[in-house]
Amino acid sequence: MPPVMKQIALDIGLARAPTLASYCAGPNEAALAHLRLWAGSPTRSPVPTYLWGESGSGKTHLLTAVAEVLREQGASVGWLDASQAEPPPFDERWAAVLMDEVHLYTAVQQQAAFSWFVQAQALQRGVLAAGELPAADLKLREDLRTRLGWGHVFHLQVLSESERRAVLRQAADARGLFLADDVMDYMLRRFSRDLGSLIQLLEHLDAYALQAKRAITIPLIRSMLEND
C-alpha cells in the first residue's frame, strides 16, 4: 500500500487550474449551467449564490474556475477561504467576492465575510460562496448565515461510483488508453473521489506510461507513486 503522503503529494503535483469545462457535472448540471451564465455575464446578478455539498462534490473546483473566468475578463475578485487568518478589507475594485469553506470560518473570518457581503450587495457586485452544509445548518453568526441562504442555492452531489467509472473510461478512451477493470477498481478505491483529481491522475499515468513504455497496470501506478 503506497504511503498516504505519496498520495497527497501526487494530488498536489497533478494540480492544474480548474475550469468550468473540466468540471464533470453529472447530477450537478443545473449548478454548472447557472455558474456559466453568471460568470459569463458582464452584468451578472447581484443575487448571491451558495453551493453546498460534501467533500469531493467539486465546490472549490467551481469557485476557482469562476474566479479564473472573471480574471480572464480583466476583472479582479475577492477570495476568502479558511486558510486566510487575516482577510483583507473589501476592495471596491472587486467585480465579485468568492467565499469558500464557509463552514470552517473563524469569528474573524465571519466578520470579514459579512463585511464583504454587505459591501458587495451595496455596490451590486456578485457573491458566490460554498460550504459543506445547508445554509440553515451552518454554525455561523446569524446575519451571515441568513444572507448566504437567501439567494440561489445548489446542493452539489458527489458522483456515484458508476458515474465516475463511466467518465474515467470515456476519458481514457479519448486518450487511446486501455484501463483494465482491476486498474479502474484500484484507481477508484485508492484515490480521491473527486473526479477532477482522478482525471489528473489519468493524465499523469498517461505521461508516465509513455515515458516508461509500459501499459497502465497496478504495478505501474505503484512505481509512479514511489518515484513521484
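The values are calculated or read from the model by the stated rules, or taken from the named source; none is laboratory data. Computed from a predicted model, the values in this text were never measured in an experiment. Here the Cβ is made from the backbone with ideal geometry for all residues, glycine too, and neighbour counts use every protein chain on show.
So if I check each of Val102, Val108, which one is farther than 19 Å from Ala39 by Cα, surrounded by fewer than 18 Cβ atoms within 10 Å (Cβ to Cβ) and β-branched (Val, Ile, Thr)? Quick ask: steps written out before the conclusion?
On the way: Val102 fails: surrounded by fewer than 18 Cβ atoms within 10 Å (Cβ to Cβ).
One residue alone meets the criteria, Val108.
In the range 124-150, the residues that are within 22 Å of Arg44 (Cα to Cα) reach residues that are buried (at least 17 other Cβ atoms within 10 Å of the Cβ) and among the polar types (S, T, N, Q) with C-beta atoms within less than 6 angstrom, at least six apart or across chains, in these pairs: Leu128/Thr49; Leu144/Gln110.
Of all residues in the range 27-65, which are touching a strand residue (DSSP E or B) at 6+ places or on another chain (Cβ under 6 Å) and over 26 Å from Ala107 (Cα atoms)? Residues satisfying the conditions are Ala31, Arg44.
For the range 200-220, residues that are assigned to a loop (DSSP other than H, G, I, E, B) and not charged (D, E, K, R) total 3.
Contact map, the range 64-75: residues that are at negative phi and free of Cβ contacts under 8 Å to residues at least 60 places away in the same chain paired with residues that are surrounded by 22 or more Cβ atoms within 10 Å (Cβ to Cβ) and not in a helix (DSSP H, G or I), Cβ distance under 6 Å, separation 6+ or inter-chain. Pairs shown: Ala67/Leu98.
Within the range 82-96, identify whether any single residue is surrounded by 17 or more Cβ atoms within 10 Å (Cβ to Cβ) and either free of Cβ contacts under 8 Å to residues at least 24 places away in the same chain or assigned to a loop (DSSP other than H, G, I, E, B) (or both), and answer yes or no.
Step one: list which residues in the range 82-96 are surrounded by 17 or more Cβ atoms within 10 Å (Cβ to Cβ), which gives 87, 90, 94-96.
Now restrict to residues that are either free of Cβ contacts under 8 Å to residues at least 24 places away in the same chain or assigned to a loop (DSSP other than H, G, I, E, B) (or both): 87, 90.
Yes, the range 82-96 contains at least one residue that is surrounded by 17 or more Cβ atoms within 10 Å (Cβ to Cβ) and either free of Cβ contacts under 8 Å to residues at least 24 places away in the same chain or assigned to a loop (DSSP other than H, G, I, E, B) (or both).
Output yes when any residue across the range 175-190 is more than 30 Å from Tyr105 (Cβ to Cβ), among the acidic types (Asp, Glu) and surrounded by 16 or more Cβ atoms within 10 Å (Cβ to Cβ), and no when none is. Among the residues of the range 175-190, not one is more than 30 Å from Tyr105 (Cβ to Cβ), among the acidic types (Asp, Glu) and surrounded by 16 or more Cβ atoms within 10 Å (Cβ to Cβ), which makes the answer no.
For the range 113-134, the set of residues classified as surrounded by fewer than 21 Cβ atoms within 10 Å (Cβ to Cβ) and in a helix (DSSP H, G or I) consists of Phe114, Ser115, Val118, Gln119, Gln121, Ala122, listed by residue number. Scan the range 176-199 for residues that are assigned to a loop (DSSP other than H, G, I, E, B) and at pLDDT 85 or above and jot them down. Hits for the range 176-199 are Gly176, Leu177, Phe178, Leu179, Ala180.
Would you tally the residues in the range 66-81 being part of a loop (DSSP other than H, G, I, E, B) and either in contact with a Leu (Cβ under 7 Å, 6 or more places away or on another chain) or of a type in the set (Asp, Glu) (or both)? Walk me through it before giving the result.
Residues of the range 66-81 that are part of a loop (DSSP other than H, G, I, E, B), as a first pass: 73-75, 81.
So of that shortlist, the ones also either in contact with a Leu (Cβ under 7 Å, 6 or more places away or on another chain) or of a type in the set (Asp, Glu) (or both) come out as 81.
The number of residues fulfilling the criteria is 1.
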